[in-house]
Amino acid sequence: MADNNIPQGGGFLLGPTDPTACFTPEEFSDEHKMILQTTLDFVANEILPNWEAIEEKDHDLVKKLMAAAGELGLLGSDVPEEYGGLGLDKIATCCITEAFGGAGSLAVAQGAHTGIGTLPIVYYGNAAQKEKYLPDLAMGTKIAAYGLTEAGAGSDAVGGARAKAVLSEDGSHYILNGEKMFITNGGWAETFIVFAKIDGAFSAFIVERDFPGVSTGAEEKKLGIKGSSTTTVILEDAQVPAENLLYEIGKGGTIAMNVLNIGRYKLGAATLGGCKSILEFTTRYAKDRAQFGQSIVEFGAIKEKLAKMAVKSFALESAIYRTVGLIDAAMEGGDPTSDDYGEKASAAIREFAVECSIDKVLGSEVLDYVADESVQIFGGYGYIAEYPAERCYRDARINRIFEGTNEINRMTIPGELLKRAMKGKLPLMDAGLKLLGEIMEYSPMMVELPDEPLALQEHMAEMSKKAVIYVAGLAAQTYMEKLINEQEILLRLADMVIEAFTMESCVIRAKKAIAELGEEKAAPYIQMTQIYMDEMLPQMVVWANESLSVMSEGDELRTMLIGVRKLLKYQPINAIGLKRAIADRVIEKNGYILG
Ligand SMILES: Cc1cc2nc3c(=O)[nH]c(=O)nc-3n(C[C@H](O)[C@H](O)[C@H](O)COP(=O)(O)OP(=O)(O)OC[C@H]3O[C@@H](n4cnc5c(N)ncnc54)[C@H](O)[C@@H]3O)c2cc1C
C-alpha cells in the first residue's frame, strides 16, 4: 500500500508541507461531488421530514431508512465490490459521512453501522466471513454494531475487559460470557463485533443476535441522540461458531484500535456536516427574527457569531479532508481480497493515528461551539424542544465522549509522537536540539516576508510547528520518560499540535484557492484563514507559557519564555472587519459559504 512519497504520520511538524500532499475539498472529483449531493438530498428528503418519529425510536422506520440508504449505496462505500459494496475511496466515504452529519440520531446509527460495525469484517474478515456478512451490511438489510465497552472497561477498554471466550470441548464453537455496555444499534442490530479474552488474549468475534445465549438489554435513556439505539449486549454462555473468530486469537486490540482510528476521522467528518447544517438553519432564523425594529442578523453581536461558526467549520473541513487524503494515499492499491489486507490496512491507518485524533477532538469541540452559539442566536426559542437548536445542542455532546474521550485522544497525540521519536521513526528529538541551538540567534524582527497574500500566516504556521517542537523538546528534557505522567502538559501539547496542523491546513488550502481562482475570488479562503489564526495564535502562546511555567522557574524559565515570545511573535489583524465581511457572505448564502 503506502509508498515512500506519502508523508509520515505526524511528519507535518518537521518542516514545510508539500501542498500536493494536502488534499482539499476543492479537489473533489465529479464523483465525490455527486455522492455528497446524493447523500445531502437523501438526508433532506427522507430523514429530516421524519425526525420526530426517529427521535421516538420508531425502529421500523429506522430500519426502512437504513435499507433505503443501502439501496442508494450510502452504506457500502467502504465495502469492496466483490462483496456487494461500492469499494470507493475514503474521500467518497467521508462525503457520505459529512452529509449524514446533519441527520442527528440517524447519523449515529449510520456511522456505527458503516464504521465500527462493518469495517472490522472488511479489514480483518476472511473470505468466507466477508462473503457471508458484507453483502447484507452493505445493503442495509442487516444492521451492525460494535461491542467493546464494558462496565469496568471504558477508556481502558482492553486492560479492563472481563468478557471471556472458551473453546468448546469439540472445538466447534466458543462459549462467550460477559456484558457489553452502551452499544450503539444494540436494539436493532443483527450482527455484532464483540471483544472477549481467550485465556487472557484479547480477541474479536462476529456474533449474531440469534446465536443461543445472546440478548440485549433495555434502551438507555439519554441526554441526546435519543433516536439512536443504545443497549447492553448480554452474553450468557453464548455459542459462537469457531469460524466466527475474527482475524487471529490475541489480535482484538489491533482490530479495536485501528477501527477506532477510522471512527475518529469519520466522527470529525460527521461533526462537520452537523456544523454546516446548524449554520444554515441558524442563519435563516436570524434573518427572520426581528427585535428593536430590525432583523437580529443586522446586529454586530450576531454577525460575529455567524462568522466564527463559519470560520471554525472551514478550519475543521480543511483538517478533515487533509487527513482523509493522507489515509487514501496510504491505502491506495490494497487488495481487499488478499490475505494480508488487514495487516497492511492496519499499518496504513495506524500511520495517521495522530491526525485521526486531531480530527476527533477538533470536530467534537467545533460542533459543540457551533451548537452552543446556535442556541444563543435562537434566544429563548433555542431552549425549546420545538426548535432544532435544542436537539442539536443535546445531540452534539456525545461526540466528546465516544470513539475515545477527548482526554484520551489528546493524550494519544503527544504520546504517539513521542513513541515515534523514541523508535527513531520521526526525528523530533533532532529537530528539537537543532531548534534550541537556532533560537538564540533567531530574531522575528529580522524576518522578511514576501509581499503576497497570507505570507504572514504561512510564516506563523511554520513558527507554530517550531513552537510545538520547542515546548515538547523542553518537556522531554525536563521529565524524560516520566513525561507520560504529566497529563496537564500533554493536554496543552496536544492543543498546540491540533492547532499547528489545523492552521497549516487552512493556509495551504487558501493558497491553493488563490492559485486556482485568483486573489479576489479566493477572498473568503484568505479571510477565514486570517481570522482563524488571529484567534489561535494567542492561544498557542498561552499553552506554551503554561507548560513551561510548571517545568521551570527563575532565570531558566525567563529564558524559556523568551523562546516562545520569539517564535510566536505575531502582529494582530483587523479581525472584526474581516468577520463582518465573512458574516455578510454567510447571510447572503444562507449558511456555509464554500462549496
Ligand atoms: C451514547 C453512547 C454510545 C456508545 N456507543 C458505543 C458503541 O457502539 N460501542 C462501544 O464499544 N462503546 C460505546 N460507547 C462507550 C464509549 O465509547 C465510552 O463511554 C467511552 O469510551 C468512555 O468510557 P467510560 O464511559 O467508561 O468513561 P471512563 O473511562 O470511566 O472515563 C471517565 C472520565 O475519566 C477520564 N479518563 C479515563 N481514563 C483516563 C486517563 N488515563 N487519563 C486521563 N483521563 C482519563 C475520561 O476522559 C472521562 O473524562 C458509547 C457510549 C455512549 C454514551
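When Glu386, Glu441, Glu452 are checked against the criterion of being assigned to a loop (DSSP other than H, G, I, E, B), at pLDDT below 90 and more than 16 Å from the ligand (Cβ to nearest atom), Glu441 stands alone in meeting it.
Per-residue answers, yes or no, for (1) modelled with pLDDT under 95; (2) touching a Pro at 6+ places or on another chain (Cβ under 8 Å); (3) more than 22 Å from Arg264 (Cα to Cα):
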| residue | (1), (2), (3) |
| --- | --- |
| His59 | yes, no, yes |
| Val62 | yes, no, yes |
| Gly84 | no, yes, yes |
| Asp89 | yes, no, no |
| Cys95 | no, no, no |
| Ala99 | no, no, no |
| Ser105 | yes, no, no |
| Val108 | no, no, no |
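Within region 303-337, if we keep just the residues that are of a type in the set (Val, Ile, Thr) and in a helix (DSSP H, G or I), the residue that is surrounded by the most Cβ atoms within 10 Å (Cβ to Cβ) turns out to be Ile320.
Any chance region 405-419 includes a residue that's outside the structural domain of Leu474 (by TED's automatic domain parsing), at pLDDT below 95 and assigned to a helix (DSSP H, G or I)? Yes; the residues of region 405-419 include at least one that is outside the structural domain of Leu474 (by TED's automatic domain parsing), at pLDDT below 95 and assigned to a helix (DSSP H, G or I).
Only one entry of Ile116, Ile121 meets the criterion of being farther than 26 Å from Lys33 by Cα, within 16 Å of the ligand (Cβ to nearest atom) and either in contact with a Phe, Trp or Tyr (Cβ under 9 Å, 6 or more places away or on another chain) or at pLDDT below 95 (or both), and that entry is Ile121. For region 154-176, the tally of residues that are among the polar types (S, T, N, Q) and farther than 11 Å from Val240 by Cα stands at 1. If you go through region 154-184 and keep only what is farther than 30 Å from Gly104 by Cβ, surrounded by 14 or more Cβ atoms within 10 Å (Cβ to Cβ) and within 16 Å of the ligand (Cβ to nearest atom), you end up with Val158, Ala161, Ala163, Leu176, Gly178.
Among the candidates Thr118, Thr141, Thr149, Thr97, the residue that is crowded, with 19+ Cβ neighbours inside 10 Å and under 22 Å from Asp41 (Cα atoms) is uniquely Thr97.
The single condition among (1) more than 16 Å from the ligand (Cβ to nearest atom); (2) within 17 Å of Phe402 (Cα to Cα); (3) not charged (D, E, K, R) that Ala145 does not satisfy is (1). Within region 295-312, residues that are within 14 Å of Tyr285 (Cβ to Cβ) sit with their Cβ atoms under 8 Å from residues that are of a type in the set (Phe, Trp, Tyr) and modelled with pLDDT of 95 or more, at 6+ positions apart or across chains, in these pairs: Met309/Tyr369. Determine which single condition Arg397 fails, assuming it passes every other condition in (1) part of a helix (DSSP H, G or I); (2) within 16 Å of the ligand (Cβ to nearest atom); (3) crowded, with 20+ Cβ neighbours inside 10 Å. Of everything listed in (1) part of a helix (DSSP H, G or I); (2) within 16 Å of the ligand (Cβ to nearest atom); (3) crowded, with 20+ Cβ neighbours inside 10 Å, Arg397 misses just condition (3). Arg420 meets the conditions (1) in contact with a Cys (Cβ under 8 Å, 6 or more places away or on another chain); (2) surrounded by fewer than 24 Cβ atoms within 10 Å (Cβ to Cβ); (3) not hydrophobic (A, V, I, L, M, F, W, C) in every case but one. The failed one is (1). Residues in region 125-168 that are among the acidic types (Asp, Glu) and within 17 Å of Ala256 (Cα to Cα): Glu150, Asp156.
The values are calculated or read from the model by the stated rules, or taken from the named source; none is laboratory data. This structure is a prediction, so every number in the text was calculated from the model and none was measured. For neighbour counting, all protein chains shown are included, and Cβ atoms are generated from backbone atoms with ideal geometry for every residue, glycine included.
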